[in-house]
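Engineer: Once you've had a glance at the structure underneath, I'll fire off some questions.
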Amino acid sequence: MSNHIKMSSTELGSLWTTYHKKTMILRILEYFIEKSDDQRAKELMSGLWEGLHPKVIEIKTFLENEGAAVPIGFTNGDVNLNAPTLFENGFDIMFCRILKEISMGMYVLHMTISYREDIVQFYKQLTELTQTYYNLFTQYLLERDLLPRPTYTMMPKTVDYIADTQYMKGTNIFGQKRQINAVEFGLIYHSYETNDLGMKLMRGFAQCSKDDDVKKYFTKGKAISSEILKELSDIMNQNNIQPPASSGGTLTSSVEAPFSEKLMLFCTYLLSGFSLGGQGFSVGFNLRNDLIVKTTVFGKDIYEYSLEGARLMMEKGWLEEPPKMEV
């Protein structure tokens, strides 16, 4: 019956966005599969490609059945399979893991604004595929000591309530900050992990970019991630917590780009949006005011960087226009 129900505007927007992200991921996977010298990593990425490719065709069919133009997204022209290896030491799986983390969040949003049963089922299937591979990627990295585990803490023996609003101030009358709690540390740790990968990715993109404006943009992104990592390390050190060791992922000396400038810029724009969402989530769950302030500053810098990326894509003619709302 759902095939006789017209596609809504929100469903159109969701599928349009998903098409761009999925075609980008397919191109990234194709390059990493081609360059991987680890059989298990190659099998994992090939399995994900085989699961996602039919979903891209399914989106195309959804749109064509509605008489809607199919977006261009990213094609074989956006990947250079002959380019030398740009990253080594597990970076391919680390990057794919972060992309799946973004996908999980986006599918939740897309499903909540989808109403047609076949489209809801489409996102349920994508969610299951993504969760499966996110776990497989995580276990792969842990087994090879390429992904550090978060710091352990003592298990609580009692249940307590916060009765003093000074808890939010984070300092006592002597100016000493209270120890961060496990929830706050989880938010800090996640931000550290994603910015560590982001900094490496920006270094690689900047190294192989041939467009001066785009290269400067990637270099600026590396500097922002580096500054966030420094601030987060300082917070952990102040709380007697050892900052995590950097995860795997080694940049080679190659200066030949594996992807088009358009794809690399769009990928950076996507990661910036994901990071911005993470900062917003942190503001809502941090209870120490100084942490909220720092997170807000991070969010402001990332927001401005994201807008700069959107403007740059427009100037280069690389940003497809989303479907218009014509009612």
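Engineer: Consider residue 252 against the criteria (1) buried (at least 20 other Cβ atoms within 10 Å of the Cβ); (2) under 21 Å from residue 94 (Cα atoms): it satisfies all of them except one. Which criterion is unmet?
Structural biologist: For residue 252, the failing item is (1).
Engineer: Please state which one of 86, 29 is in contact with a Cys (Cβ under 9 Å, 6 or more places away or on another chain), under 19 Å from residue 133 (Cα atoms) and open to solvent by less than 20 Å² (accessible area, probe 1.4 Å). Break it down into steps so the answer makes sense when it comes.
Structural biologist: Details: 86 fails: under 19 Å from residue 133 (Cα atoms).
Just a single option satisfies the conditions, and that option is 29.
Engineer: Next up: Just to check your reading of the model, which residue among 282, 272, 260 is in contact (Cβ under 8 Å) with a residue 12 or more places away in the chain, in contact with a Ser or Thr (Cβ under 7 Å, 6 or more places away or on another chain) and closer than 21 Å to residue 78 by Cβ?
Structural biologist: Just one listed residue meets the conditions, 272.
Engineer: Just the residues that are on the phi > 0 side of the Ramachandran plot and small (Gly, Ala, Ser), please, taken from region 86-115.
Structural biologist: Step one: of region 86-115, the residues on the phi > 0 side of the Ramachandran plot are 89-90.
Scanning region 86-115 gives a single hit, 90.
Engineer: Could you figure out which of (1) at pLDDT below 90; (2) open to solvent by less than 30 Å² (accessible area, probe 1.4 Å) isn't true of residue 171?
Structural biologist: With respect to (1) at pLDDT below 90; (2) open to solvent by less than 30 Å² (accessible area, probe 1.4 Å), residue 171 is out only on (2).
Engineer: With respect to residue 179, determine if the residue is part of a loop (DSSP other than H, G, I, E, B) and either modelled with pLDDT of 95 or more or loosely packed, with under 12 Cβ neighbours inside 10 Å (or both).
Structural biologist: Values: part of a loop (DSSP other than H, G, I, E, B): yes; either modelled with pLDDT of 95 or more or loosely packed, with under 12 Cβ neighbours inside 10 Å (or both): no.
The answer is no for residue 179.
Engineer: Give me the residue from region 288-309 that is surrounded by fewer than 16 Cβ atoms within 10 Å (Cβ to Cβ) and among the aliphatic types (A, V, I, L, M) and, out of that set, farthest from residue 21 (Cα to Cα).
Structural biologist: Here the residue is 293.
One line per residue, one yes/no per condition, for (1) under 26 Å from residue 202 (Cα atoms); (2) out of contact with any Gly (no Cβ under 7 Å at 6 or more places or on another chain):
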{"site": "65", "(1), (2)": "no, yes"}
{"site": "68", "(1), (2)": "no, yes"}
{"site": "72", "(1), (2)": "yes, yes"}
{"site": "83", "(1), (2)": "yes, yes"}
{"site": "91", "(1), (2)": "yes, no"}
{"site": "94", "(1), (2)": "yes, no"}
{"site": "98", "(1), (2)": "yes, yes"}
{"site": "108", "(1), (2)": "no, yes"}
{"site": "111", "(1), (2)": "no, yes"}
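Engineer: With within 18 Å of residue 190 (Cβ to Cβ) and open to solvent by 50 Å² or more (accessible area, probe 1.4 Å) as the only criterion, which of 238, 242 stands out? Lay out the reasoning, then the answer.
Structural biologist: Details: 238 fails: within 18 Å of residue 190 (Cβ to Cβ).
Matching residue, one of 238, 242: 242.
Engineer: Next up: Pull up region 3-26, narrow it to residues that are among the hydroxyl-bearing types (Ser, Thr, Tyr) and open to solvent by 20 Å² or more (accessible area, probe 1.4 Å), then point me to the one that is farthest from the chain's Cα centre (by Cα). Break it down into steps so the answer makes sense when it comes.
Structural biologist: If we filter region 3-26 for residues that are among the hydroxyl-bearing types (Ser, Thr, Tyr), which is where we start, we get 8-10, 14, 17-19, 23.
Keeping just the survivors that are open to solvent by 20 Å² or more (accessible area, probe 1.4 Å) gives 8-10, 17, 19.
Working: 8: 27, 9: 25, 10: 22, 17: 15, 19: 16 Å.
The selected residue is 8.
Engineer: Has region 259-267 got any residue that is surrounded by fewer than 20 Cβ atoms within 10 Å (Cβ to Cβ), among the hydroxyl-bearing types (Ser, Thr, Tyr) and under 22 Å from residue 26 (Cβ atoms)?
Structural biologist: Yes, that holds for at least one residue.
Results for (1) in contact (Cβ under 8 Å) with a residue 60 or more places away in the chain; (2) of a type in the set (A, V, I, L, M, F, W, C); (3) assigned to a helix (DSSP H, G or I); (4) open to solvent by less than 40 Å² (accessible area, probe 1.4 Å), shown as yes or no for each residue.
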| residue | (1), (2), (3), (4) |
| --- | --- |
| 110 | yes, no, yes, yes |
| 114 | yes, no, no, yes |
| 119 | yes, yes, yes, yes |
| 122 | yes, yes, yes, yes |
| 130 | no, no, yes, yes |
| 139 | no, no, yes, no |
| 152 | no, no, no, no |
| 155 | no, yes, no, no |
| 161 | no, no, no, no |
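Engineer: Let me ask another. Could you pull out the residue among 33, 59 that is out of contact with any strand residue (DSSP E or B) (no Cβ under 6 Å at 6 or more places or on another chain), assigned to a helix (DSSP H, G or I), under 27 Å from residue 256 (Cα atoms) and of a type in the set (Val, Ile, Thr)?
Structural biologist: Sole residue among the options that is out of contact with any strand residue (DSSP E or B) (no Cβ under 6 Å at 6 or more places or on another chain), assigned to a helix (DSSP H, G or I), under 27 Å from residue 256 (Cα atoms) and of a type in the set (Val, Ile, Thr): 33.
Engineer: Quick check on this structure: which one of 223, 245 is without any contact (Cβ under 8 Å) to a residue 12 or more places away in the chain, among the small types (Gly, Ala, Ser) and farther than 19 Å from residue 287 by Cβ? Give the steps one after another, and end with the answer.
Structural biologist: Details: 245 fails: without any contact (Cβ under 8 Å) to a residue 12 or more places away in the chain.
Every option except 223 fails the conditions.
The values are calculated or read from the model by the stated rules, or taken from the named source; none is laboratory data. Model, not experiment: these values are computed from the prediction. Here Cβ is always computed from backbone atoms with ideal geometry, including for glycine, and neighbour counts include all displayed protein chains. Protein only, heavy atoms only, side chains kept; ligands, DNA and RNA dropped before computing areas. Shrake-Rupley method; radii C 1.70, N 1.55, O 1.52, S 1.80 Å.
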